[in-house]
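Working notes, beginning with the structure itself.
The numbers here are math on the coordinates, done by the rules we state, and not lab data. What you see is a predicted model, and the numbers here were worked out from it, not measured in a lab. Positions of Cβ are generated from backbone atoms using ideal geometry, with glycine treated the same way; all protein chains shown enter the neighbour counts.
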Amino acid sequence: MIVIKTNTIRETVGMTVDMTMKVLLVAAIFFGAIFFSEDVKAHDGVHVDVDKINKQIEESDDPGPLYLLRAKLCRKHGRPDLGLLDLQQARGMGVDPDAEALERALCLRDRMKSTEALSIMDKLVDRRSKNLMEVLSERSNLRDAVGQIEGAINDLVRVHVVSPDLEKTLRLGDLYERRGADVLAVSVYRQAMESGMESSLLVIARIRAETASGGYEVALQLVNEKLQEASLKATWYQRRAEIYRASGREEKAIADLEKALEELDGIFKRRPVPIHQVTRARVLRLLGRLEEARQQLVEVLANAPGYASAQRELDLVEQLEKQKTP
């Protein structure tokens, strides 16, 4: 007959559990150290701003907000994948859940996962998150990018009513113009100017929308005011010519285009610069001198291949040339 003492069993089991806990603790520390080392290593070299946060995370007793900040920086510097990893860490460390959710949506957006990003933004809007205006602004941008222009407008209108700054005004007007609602675009631009907002970009946008909606006299008045104060008048002559042409006053349009060309030719004798070359090419296009315009733009792009406005103008010239070819 074998007799086993109860106390002995308890002591043995207790020692086993104790040893198991110690082993698990050591393993957790060991693998945690490995993870942290790999985490820092993965973020190394992304950008000097990220490197600074790496050090702060290593020394912090409350790294949650730092993980969120590093996620934003990683996204900003082209590594949204690393941003998502940081957000996974931040979620369990007491960060603002709305801020984390929006940043996660933006990282997913930058990883071309628009549907997932929009789904997160929709939930934030539905629950009226603390950062609602920021969410609406970002959702407007994303909706525009995926072709949901009505939704983009609806979101931006809500933001614009609260804080109508220049950037939002130009964006909202541009959305209306692209939707073909030029009258609404004019209203947005006009209200901004009447409120005291000043910017040449705003004036140019309103001139464009007024012309497209038939407000020729208002557009002409705006251009004439700029002509009186401008030292370089060629671009304003060109804009006035486009208004004259749109309103059926072709002779006046040609006269203004010739004035613009004469001024630009005078500038070229001193020092030709790309922006003036593109303007000159645009004037030549409007005069119907497509071959000369194309040669001008080819010359610009040979010296500055990334000049976007020159490339857009060349695309337009080549499109017109194809239309003229039988």
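Just want the answer: with Cβ charges of +1 for Lys and Arg and -1 for Asp and Glu, which residue in 142, 164, 132 is farthest toward the dipole's positive end in region 127-213? Most positive-ward Cα: 132. Using only Cα atoms, locate the centre of region 211-242 and the centre of region 55-72, then give the distance between them in Å, rounded to an integer. Measuring centre to centre over Cα atoms gives 53 Å.
Amide H to amide H, with H built 1.01 Å from N, residue 96 comes under 5 Å of no residue 5 or more places away or on another chain. From least to most packed, judged by other beta carbons within 10 angstrom and beginning with the fewest, 166, 286 follow the order 166, 286. With a/c under 1.5 counting as rounded, go ahead and sort the chain into rounded, prolate or oblate using the C-alpha gyration tensor (a ≥ b ≥ c being the square roots of the eigenvalues; past the cut-off, prolate if a/b is larger than b/c, else oblate). Because a/c hits 1.5 or more and a/b exceeds b/c, the chain counts as prolate. In the chain, helical runs assigned H by DSSP with n ≥ 4 each contribute -39500 (n - 2.57); averaged across all residues and rounded to the nearest 500, the mean residue ellipticity at 222 nm is -26500 deg cm²/dmol. Taking a ≥ b ≥ c as the square roots of the Cα gyration tensor eigenvalues, region 183-326 comes out prolate, since a/c reaches at least 1.5 and a/b is larger than b/c. Stretched out straight at 0.36 nm per residue, the stretch from residue 165 to residue 200 would grow longer than its current Cα-Cα span by 11.2 nm. Of 301, 156, the sequence from fewest to most neighbouring Cβ atoms within 10 angstrom is 301, 156. Put in line by how crowded their Cβ is, counting other Cβ atoms within 10 Å and starting with the fewest, 188, 48 read 48, 188. Between residue 130 and residue 229, the simple spin-label model (points 7 angstrom out along Cα→Cβ) gives 4.3 nm.
What you get for region 127-213, charging only the Cβ of Lys and Arg (+1) and of Asp and Glu (-1), is a dipole of about 360 debye around the Cα centre.
Less than 16 Å from a label point 7 Å out along the Cα-to-Cβ axis of residue 250: which backbone N atoms in region 280-300 qualify, by residue? Within reach of a label on residue 250, which here means backbone N under 16 Å from a point 7 Å along Cα→Cβ, region 280-300 contributes 286-289.
Classify region 127-213 as rounded, prolate or oblate, taking a ≥ b ≥ c as the square roots of the eigenvalues of its Cα gyration tensor: rounded when a/c is under 1.5, otherwise prolate if a/b is larger than b/c and oblate if not. It is oblate, given that a/c is not under 1.5 and a/b is not larger than b/c. Placing unit charges on the Cβ atoms only, positive for Lys and Arg and negative for Asp and Glu, gives region 97-252 a dipole magnitude near 200 debye about its Cα centre. Overall, the chain carries a charge dipole of about 380 debye about its Cα centre when +1 sits on the Cβ of Lys and Arg and -1 on the Cβ of Asp and Glu, all other atoms neutral.
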